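Data first, discussion second: the structure below is written as structure tokens.
The values are calculated or read from the model by the stated rules, or taken from the named source; none is laboratory data. Keep in mind it's a predicted model, so treat the numbers as computed, not measured. Here the Cβ positions follow ideal geometry from the backbone for every residue, glycine too, while neighbour counts run over all protein chains shown. Accessible surface is based on the protein model in full, side chains and every heavy atom, while ligands, DNA and RNA are left aside. Shrake-Rupley method; radii C 1.70, N 1.55, O 1.52, S 1.80 Å.
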Amino acid sequence: MKKLVRSRGAMLAVGLVSVGAIGVATRTMPPQAHASAERYSVAVPLPAQTRPAPAALVQAINALGGGFQGHVGIAVRSIDDGWVVGHAMDRRMPQQSVSKLWVAMTTMSAIDEGRLALTTPVAITRSDLTLFHQPIAYLMKDGVFNTTVGDLLRRALTMSDNTANDKLLNLVGGPVAVRDFIASRGLGNIRFGPGERLLQARTAGLPWKQEYSQGNAFAQARSRLDPNVRRAAYQAYVADPPDGAGAGAIADALARLHHGMLLSQQSTAWLLDTMAHTRTGRARIRAALPPGWSVAHKTGTGQDLAGRTAGFNDIGIITAPDGKAYAIAVMIGDTARPVPERQQLIQTVVSSIVAVHG
């Protein structure tokens, strides 16, 4: 496996937040797993830390995380210089659609092993439909949509299509296969939940019924719940999310992906290029990118309850015009702050990185 060539691309700088720094951690990459070393190779070790994290960035991230009203985890890793800064980066936050990245990686691993191909044909039927955002449902004719694994990957990553994601999940062997992939690569503090249907149903306090995949059926069933039932289910989810992950572990995984340590060179390049075409979250990481910078990312947004949102996230790799790259994970686990404030938090993390780059 050869080292992946870094992509280049786009970011708009916003001023740094200047508040005293406390509680920001720096740490090294967790040790690599050896249990399934025969299934993949690590050709390019992550670089050791070559310089300290910029003090201004430490100060800014600390101020942003500590000053935000809600649960937030932030991690920034310099892929080239090896330093990490963050706020609450080991606390597990709901991933929501960020977890589609692990399904995609597991699928690409199956492609590397010859069990699937991007061109493998797949038929989507009404029994495959999930809930919430699933634009693929509108493409069905006579109850079926014929497509390929590659198309499902593109839809899951760039459009965050839940049905495309769950179909891929079933093709690779279900949640156990994704958890095995995470464990085999030594990715650490990252959980993978039961899939979109069960995760969203449990978060709302409902048992899943396939009829909820049609029209507005899920929302109607949720609205009929006893408010105390729904509130208890929501609180249980945000307190211990089955799809929870630490921002630090996600940033580490992105760095490993960038260095070609998780998949073949071809699969790594394909996956990162696809993530660079993500359409969701235009007011998150991408909104703070000045000209010449690029991003490959995945967003995640959870259910709302009384103004609170269980997961408002963006994670990805930003690359400067000079080729230096940073892995970023901003995970807002639970907050009632308005959406523009959440977006501004993510944008200011990015702007703070740009301000110290050089």
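Observations
- The orientation-averaged projection of the convex hull spanning the C-alpha atoms of segment 45-194 amounts to 11.1 square nanometres.
- Applying the Karplus relation 6.51 cos²θ - 1.76 cosθ + 1.60 with θ = phi - 60° to segment 124-130 yields 3J(HN,Hα) values of 9, 10, 4, 6, 8, 5, 10 Hz, where x marks Gly and Pro.
- Sequence-separation-based contact order of the chain, relative, with Cα cut under 8 Å and 6+ spacing, percent: 30
- Once the Cα gyration tensor of segment 210-307 is diagonalised, semi-axes √(5λ) in Å: 35, 17, 15
- Relative to its residue count, the chain spans a Cα convex hull of 124 Å³ per residue.
- Note on D90 and A283: the model spin-label points, each 7 Å out from Cα along the C-beta direction, lie 3.5 nm apart.
- As a rough guide to protection, the peptides 223-233, 96-106, 300-310, 237-247 ranked by mean Cβ packing within 10 Å, highest first, stand as 96-106, 237-247, 300-310, 223-233.
- Distance between segment 77-112 and segment 153-172 - C-alpha centres, whole angstrom: 17
- Protein-only accessible surface order, largest first, of Y326, Y138 at 1.4 Å: Y138, Y326
- Rounded Å value of the spacing that divides the Cα centres of segment 236-254 and segment 262-313: 16
- 37 °C / 0.692 mPa s Stokes-Einstein diffusion coefficient of segment 200-250, Kirkwood radius on C-alpha pairs, µm²/s: 272
- With both labels modelled 7 Å from their Cα along Cα-to-Cβ, the R126 to Y138 distance reads 1.9 nm.
- Accessible area of segment 133-257 divided out per residue, in Å², using a probe of 1.4 angstrom: 39
- Ranked packing of 252-263, 198-209, most packed first, by mean Cβ within 10 Å: 252-263, 198-209
- For the chain, the Cβ-based charge dipole about the Cα centre amounts to some 220 debye (Lys, Arg positive; Asp, Glu negative; other atoms uncharged).
- Cα convex hull, segment 104-257: 112 Å³ per residue, rounded to a whole number.
- Label-point separation in nm, A232 to T148, each point 7 Å along Cα→Cβ: 5.0
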